[in-house]
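What follows is a single structure, written as structure tokens, with notes after it.
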Amino acid sequence: MKKGMQITFTSLLGHQPTLMSLKEAAQWASRYLNREVTTSNISYLIQYGRIKNYGNGGNPLVSGEELKNYYEEVNKENHWRKTLGKDINWRLSFIEYKESERTKHVHRLLLKI
């Protein structure tokens, strides 16, 4: 890289990322997933490095594109439903529970092993 050149989000993506506050991101994700997503859920994704925090000074901002990519990656249920059809008991996936609740119970079960 030449001296004085700076890599920006625009140069990497070819466009400026759409940044959202935690509240806006939670509202968007709730509509996208058709279930409640809270600001705590979005904060969790930032804290554990699933999506990047573009904000500063205590004002977290997340990329709408990254958030969409994350949920597309995680939401593989539709793919598996098409592939497996009725050969799987979806009630055992606990999809109706928030991610934090599923994680808490999985960790609890792992401690018993």
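One table, with the values for the structure above:
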{"read-out": "Residue under evaluation Leu13, criteria (1) modelled with pLDDT of 90 or more; (2) out of contact with any Lys or Arg (no Cβ under 8 Å at 6 or more places or on another chain); (3) farther than 30 Å from Ile88 by Cβ, criterion not met", "value": "(1)"}
{"read-out": "Restricting segment 41-72 to residues that are of a type in the set (D, E, K, R) and over 16 Å from Trp28 (Cα atoms), the residue that is nearest to the chain's Cα centre (by Cα)", "value": "Arg50"}
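The values are calculated or read from the model by the stated rules, or taken from the named source; none is laboratory data. No experiment lies behind these values; they were computed from the predicted model shown. Virtual Cβ from ideal backbone geometry, glycine too; neighbours counted across all protein chains shown.
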